[in-house]
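See structure below.
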Amino acid sequence: MAIELTPIFFKLMLTKTPYDYIAENRDDLIRAEHGIEVKYDYYQDKQGVERHLVVNHEAERMIYEKIKTTEIQKTLTDYAIGKYLEREQKKIDENLDEYIKSIKPEDINNNEEKEA
Amino acid sequence: MKKKKHRFKHWMHILSGEDWYIIKQSSDKIQKSFFRIGLLVAVIFIGSLISASAFIDHILENESWISIPIGILWALIITNLYILLLYTISPKLLPKAIKKLKHGKMSVENDTDLKNQNEFSFSLIFRFLFIGILAIIIAQPLNVLLLSKYAERSLENYKIEYRIKNIVAGDSGYIKNEMNDSASINNHFILCNDSTNYNLLRNKVAYDSAFLVSSVSNLDSLKKWNDTSTTNKETKIDSFRSVLNTLINNEVTSDQKYIAILDNIKTNDFKLESNILNISEQLKDKIESYNNLIFVLNKSDFYIKKIQILISENPFAWLFMFFIIGLFWLPIYFKYRIRKQTDFYTKKKEIEQNKIDSEYKTFNNQFELIFKQQYEKYNKGTLHKLLPILNVIEKLNPDAYEEIKKNIGEEVLIDSVKKYEHWADPPYRTKPKYKFENLPTEEFFINKLYK
């Protein structure tokens, strides 16, 4: 029992030593290798207790890339929709009756079903 | 010779439980103090080795080939525990924040002032007790080793009482069986008109019954006297012990005599022969169990009982135990004296802080370098992924193209991460940074600087 418990008691009795600081540095470097940064005591929680903030830089960059890709795709989609709108407007301006006739009722029903 | 002396000194400094390279840089006085501590730790190691080896030697009945390695192992464990505990006795040297939540705000207290540190905390008392327990454990086999001859008389008495108790308990069963079997044999002697054997058997049964009654009553009295605390109790106990011993010896002699008588009875009656054989066998069993008990008692050295006897009867055992406890506590006293009388811990604090600070500086540089490499990789990846799809919209929507390009350009400008520091004294994290918001008056500023 003494052999089992002594290391635990010993650790409890021990104050922070230079080895602990060096070990903390080492851990932070390992995290940094994986793009992770710990901001110690960065913010306070609702009880006023200081908490660390863990930032995953690689993940944040991936999120940024996704957002920008979406923005570019949105620009492309907006452009395509604009062009389509222009073409359809032109058809209506040229001959409205013909345009109305060209719309098939099945297409409208199909669209409604799809929306439902 | 000088080299050997120097090496010995170096080993004693290692055993003292403090960093030897700091001791080496200290004054002669400090070095001597730590040498004394190391020497005491070496004595504790040797004491533990002798104690554990002696204990295992007794447990395994003189198997020294195993008792010495186990003794060495045990001594190493004890010494290691002791050095670790000794190390924890050192004062707190590095700044340590005690964070307390007061009225929803975090307050930080620093307690590294060597002079103001609380000396007798619960934790320290607990460590003292733990070291004391280790000392008590180590002291017991040494007590037996040194003082066992003073426990011989009490141990002999204990053995006699133990023998009597066991024999009386065993005999009660044998005597009951003997009485049952003797009834049928007696009937036969009556029928055969064999008054001599009839009387012999009747007397034996009566004698055994009387032995049982007498021994049980004497045992009860012995127990009562053992529990009392009167002055002449030893004489009384001795007399009861002697009576019981005589009773048992007489009983054994009587059994042996009666076996000889039974062996001489000759009969053609098979039933009678079988009954005689039964009684004879039982008596032989009884004698064998006596002999077995005596053999076991003689073989065992009653090691734990010896420890108990020494502790309960011998004041020297207590003195020796206190001496061992003192030996275990003495290095703690020396360490306190070093703390009070020398600047060793101030110097140690300085060396440790310098080490931590320089390590932290190197760490910060490495940290930034790693993130620089990481960001180089991330930026390359971002441009590689986004530029081809961004180029598609260059002609279609030049405004959006320019805006997104500018944004990406700003993002890839990040080329590293600087370590975030919330505290004014990293890496200890005990002093909050001064906030330059709502700056007070000029007078306050002057006071802050010069008072």
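Give a quick list of trypsin sites (Lys or Arg not before Pro) in segment B:250-286 that DSSP marks as loop, anything other than H, G, I, E or B, with at most 11 other Cβ atoms within 10 Å.
Those that pass, being in a loop and sparsely packed, are B:K266.
Expressed in nm², what is the orientationally averaged projection area of the convex hull enclosing the Cα positions of segment B:287-423?
The directionally averaged projection comes out at 24.1 nm².
Normalised by the residues of chain B, what does the relative contact order come to in percent, with Cα pairs under 8 Å and at least six apart?
On the way: 361 pairs, mean separation 86.0, N = 451.
Dividing the mean separation by the residue count of chain B yields 19 percent.
Which three extents, in whole angstrom, do the alpha-carbon atoms of segment B:197-322 cover along their principal axes, largest first?
In descending order, the Cα extents are 74, 30, 17 Å.
What is the angle, in °, between the Cα long axis of helix A:105-115 and the longest principal axis of the Cα atoms in chain A? Nearest 10 is fine, range 0 to 90.
The angle comes out near 10 degrees.
Taking N as the number of residues in segment B:144-219, what is its Cα Rg relative to 2.2 N^0.38 Å? The partial results should precede the final answer.
Working: Rg = 19.5 Å, N = 76, 2.2 N^0.38 = 11.4 Å.
Dividing the Cα Rg of segment B:144-219 by 2.2 N^0.38 Å gives 1.71.
Would you kindly give the portion of the calculated P(r) for the protein assembly as shown that falls above 44 Å, as a percent of all Cα pairs?
Of all Cα-Cα pairs in the protein assembly as shown, 59 percent lie more than 44 Å apart.
Check the straight Cα-Cα distances from A:K101 and name the aspartates and glutamates below 17 Å, setting aside those fewer than 8 residues away within the same chain.
A:E88, A:D93
How much mean residue ellipticity at 222 nm does the protein assembly as shown get from its helices, if each DSSP H run of length 4 or more adds -39500 (n - 2.57) and you divide by all residues, to the nearest 500 deg cm²/dmol?
Estimated from H runs of four or more residues: -27000 deg cm²/dmol.
Show me A:24-32, A:47-55, A:91-99, B:63-71 ranked by packing, highest mean number of other Cβ atoms within 10 Å first.
A:24-32, B:63-71, A:47-55, A:91-99
Can you put A:E37, A:E112, B:E281 in order, fewest other beta carbons within 10 Å first? If you can, show how the numbers build up before the last one.
On the way: A:E37 19, A:E112 9, B:E281 13.
Ordered from fewest to most neighbouring Cβ atoms within 10 Å, A:E37, A:E112, B:E281 come out as A:E112, B:E281, A:E37.
For a Förster distance of 35 Å, can you work out the FRET efficiency between the beta-carbons of B:N250 and B:I68, rounded to the nearest 0.05?
Numbers: r = 47 Å, r/R0 = 1.36.
Calculated transfer efficiency: 0.15.
Which value in Å does the Kirkwood hydrodynamic radius of chain B take, with 1/r averaged over all unlike C-alpha pairs and then inverted? Provide the component values of the computation, followed by the final result.
Numbers: mean 1/r = 0.0313 Å⁻¹.
With all distinct Cα pairs of chain B included, I get 31.9 Å.
What dipole magnitude, in Debye to the nearest 20, does segment B:357-450 give about its Cα centre under +1 on Lys/Arg Cβ and -1 on Asp/Glu Cβ? Mind dumping the intermediate values first?
Numbers: 15 positive and 16 negative charges, 70 e Å.
That gives a dipole near 340 debye.
In terms of Cα to Cα distance under 21 Å, which lysines are near enough to B:K4, apart from those fewer than 8 places away along the same chain?
Within reach: B:K24, B:K29, B:K32.
Can you sort A:H34, B:H422 by how many other beta carbons sit within 10 Å, fewest first?
Ordered by Cβ neighbours within 10 Å, fewest first: A:H34, B:H422.
How large, in Å, is segment A:61-115 by the Kirkwood hydrodynamic radius built from its alpha-carbon pairs?
Here the Kirkwood hydrodynamic radius works out to 14.1 Å.
Let me test this: with uniform point scatterers at the alpha carbons of segment B:131-276, what is the Debye-based log₁₀ I(q)/I(0) at q = 0.13, 0.14, 0.15 1/Å?
-0.74, -0.80, -0.86
Could you please rank B:L330, B:L387, placing first whichever residue has the fewest other Cβ atoms within 10 Å of its Cβ?
Fewest to most other Cβ atoms nearby, the residues stand as B:L387, B:L330.
Would you work out the relative contact order for segment B:357-450, in percent, from Cα pairs under 8 angstrom that are 6 or more residues apart?
Value for segment B:357-450: 30 percent.
Scattering from the C-alpha atoms of segment A:8-103 alone, worked out with Debye: what is log10 I(q)/I(0) at q = 0.11, 0.19, 0.23 1/Å?
Values, matching the q order: -0.65, -1.05, -1.13.
Given a cut-off of under 8 Å on Cα pairs at least six residues apart, what relative contact order in percent is computed for segment B:187-316?
19 percent
Have a look at A:H34, B:I37, A:I8 and report the one farthest towards the positive end of the charge dipole of the protein assembly as shown, computed about the Cα centre with Cβ charges (Lys/Arg +1, Asp/Glu -1).
The Cα lying farthest towards the positive end belongs to B:I37.
Rule-based calculations on the coordinates, nothing more; no lab input. From a predicted model like this one, the values you see are computed outputs, not experimental measurements. With ideal geometry, Cβ positions are generated from the backbone for all residues, glycine too; neighbour counts draw on all protein chains shown.
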